[in-house]
1. With the requirement that a residue be assigned to a helix (DSSP H, G or I) and open to solvent by less than 10 Å² (accessible area, probe 1.4 Å), what does segment 255-276 give you?
2. Somewhere in segment 94-117, is a residue open to solvent by less than 80 Å² (accessible area, probe 1.4 Å), without any contact (Cβ under 8 Å) to a residue 40 or more places away in the chain and in contact with a Ser or Thr (Cβ under 9 Å, 6 or more places away or on another chain)?
3. So, A62, is that one touching a residue at least 24 places away in the same chain (Cβ under 8 Å), out of contact with any Ser or Thr (no Cβ under 9 Å at 6 or more places or on another chain) and more than 18 Å from H35 (Cα to Cα) or not?
4. Could you please let me know if R64 is modelled with pLDDT of 95 or more and either within 23 Å of P145 (Cβ to Cβ) or open to solvent by 40 Å² or more (accessible area, probe 1.4 Å) (or both)?
5. Could you count how many residues in segment 302-342 are assigned to a loop (DSSP other than H, G, I, E, B), buried (at least 23 other Cβ atoms within 10 Å of the Cβ) and within 22 Å of the chain's Cα centre (by Cα)?
6. Say whether the condition of being open to solvent by less than 30 Å² (accessible area, probe 1.4 Å) and either in contact with a Cys (Cβ under 9 Å, 6 or more places away or on another chain) or outside any helix (DSSP H, G or I) (or both) is met by at least one residue in segment 377-384.
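The values are calculated or read from the model by the stated rules, or taken from the named source; none is laboratory data. As the structure is a prediction and not an experimental result, all values here were calculated from the model. Using ideal geometry, Cβ is built from the backbone for each residue, glycine included, and neighbour counts are taken over all protein chains shown. We work out accessible area using only protein heavy atoms, side chains counted, and drop any ligands, DNA or RNA first. Shrake-Rupley method; radii C 1.70, N 1.55, O 1.52, S 1.80 Å.
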Amino acid sequence: MADRVTVIGWDGSPPTEAARAALGAATLVAGAAHHLALPDVPPAAERVRLGSVSLAARRIAAHRGTAVVLADGDPGFFGVVRTLRAPEFGLEVEVVPAVSSVAAAFARAGMPWDDAQVVVAHRRTLRRAVNVCRAHTKVAVLTSPGAGPAELGLLMEGVHRTFVICEELGTAREQVTVVTSDKAADHTWRDPNVVIVVGGRAAAAEDGGWIAGRDPGAGPRGWVQPDEAYGAPGGLGEGETQLLRAAQLARLGPRVGDLVWDIGCGSGALATEAARAGAAVIAVDRLPEACARTEAAARRFGVQLQVVHGTAPHVLENLPEPDVVRVGGGGAAVVSAVADRRPQRIVAHAATRDEAELVGRGLTEHGYRVECALLQSVELDTGAWTETERNVAFLLSGVLAERAP
C-alpha cells in the first residue's frame, strides 16, 4: 500500500510550497496528460494516466512508495477525493486544494455564484442536469465528453438561456465564449469545460443571502397556497382545489432534477407549486387564457416554468421525457398517451366512479400499480361552523414499478 497519498488541485497557478514538496517526494504520480507534463513531476516517478479513478486507486493501493494524484480545480468538490477515500481502497488521503473550476468560471464571467446551483453532467445525468437548468436562473454545469455545451443546448429546446462556456480553464488555451442556448450545438467545444447557464425570470432578491444555491424558504410558507392566491375568474376548476392539489403533489413528489408535465394546467396552481419544489415544469393547456394565467402565476411566485399552448395528446409528442405527470384534463385518452411515455408517476382525478375505473384500467394495462381514493373536502365558516362548500373527487395515481425509487 502507498505510504501516503497526496491529492493536489491544479488551477493553472504555480504549485504551492506544499504541492512542490509532495511532488518532489512522489514515486507515483497520477493525473491527466497535461498534469503529467508539468515540470514539477519527478522524472523517475511512475506515471499513471488518470482515466478511471477507481482503477487508479487500485494501482495506488498496490504501490510501495509515496503517491500524488493531480486533479483540476478543487479535488474535493465533485472531484477525485470521494473515490480515493472509499473504504475498499484503504488509502489515507491528504488534500492540497486549488480554486475550483466553478469558482474560476464565475470569476471569468464576473458574476457572484453563492446563489447558483451546481450540477455534474455526464451521459447518465445529462437529462437531470438540463432539468435543473430549466428550473433555475443560474446554474453551473460541470460537463463531460458526450454531455457538454452542445448536448445541453439541444435538450434546452423551447427554453431560452444564455451559456457562458469556459474551456480549458487555467491553461494557455483557456477561452470564454458567450452564446445563446440555441446556438451552442453549432460549435465544437474543447474539454474540459464549465458552462454557466443563466436566464429566465429571477425572483426578487434581497441584498446577500444566507444559504448557497436556491433558498428553500423563499416565497410564502406552505406546499400549496390558498385557491384565492391564483385569482382565477370564477374560482379554480374542480381538479385544482387546494386539498386535491396537496394530495396530487404528495403522490407526485416533484424534486430537483425532475421534469413535471402538468396537462390541463388551468390557473397554473399545481404547475407553480411543483416549480416551487425545485422541479422543471412544462405546463400544457388548450386554452390561451389558461396559459396566460399560468405564466402570471409563475411570475407572481418567482419560479421558472415553460408553458405550451396546445391540445393533448397531440401536443405531447415533441415534449422532452417527463419524470412525473399530472393529468388535469383530457380523461382516459390523455392518461393512456402519457403512460406510453413511461413516466415514473402519473396522477389524475375523476368526477365519477365509472370515469375513475376507465382511467385506472388504462394505467394497469400500461403496467402501472394503481391506487384510487375518494376525496371529500368540506369547507366550514368558522364563525357559524356551517358548511360553505363541498368538493368530491376520485384521486388516481399510477406508479411504474420498474422505475420506483
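1. Selection gives A269, L270, A271, T272, E273, A274, A275.
2. There is no residue in segment 94-117 that is open to solvent by less than 80 Å² (accessible area, probe 1.4 Å), without any contact (Cβ under 8 Å) to a residue 40 or more places away in the chain and in contact with a Ser or Thr (Cβ under 9 Å, 6 or more places away or on another chain).
3. Judged against the criteria, A62 is a match.
4. no
5. Of the residues in that region, 3 qualify.
6. yes
Here is a yes/no grid of residues against (1) under 17 Å from L91 (Cβ atoms); (2) part of a helix (DSSP H, G or I):
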residue: T6; (1), (2): yes, no
residue: G12; (1), (2): no, no
residue: H34; (1), (2): no, yes
residue: P42; (1), (2): no, no
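Residue-wise test of (1) of a type outside the set (F, W, Y); (2) crowded, with 22+ Cβ neighbours inside 10 Å; (3) without any contact (Cβ under 8 Å) to a residue 24 or more places away in the chain; (4) more than 27 Å from D114 (Cβ to Cβ).
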residue	(1), (2), (3), (4)
P149	yes, yes, no, no
E157	yes, no, no, yes
F163	no, yes, no, no
L169	yes, yes, no, no
E174	yes, no, no, no
V178	yes, no, yes, no
V198	yes, no, no, no
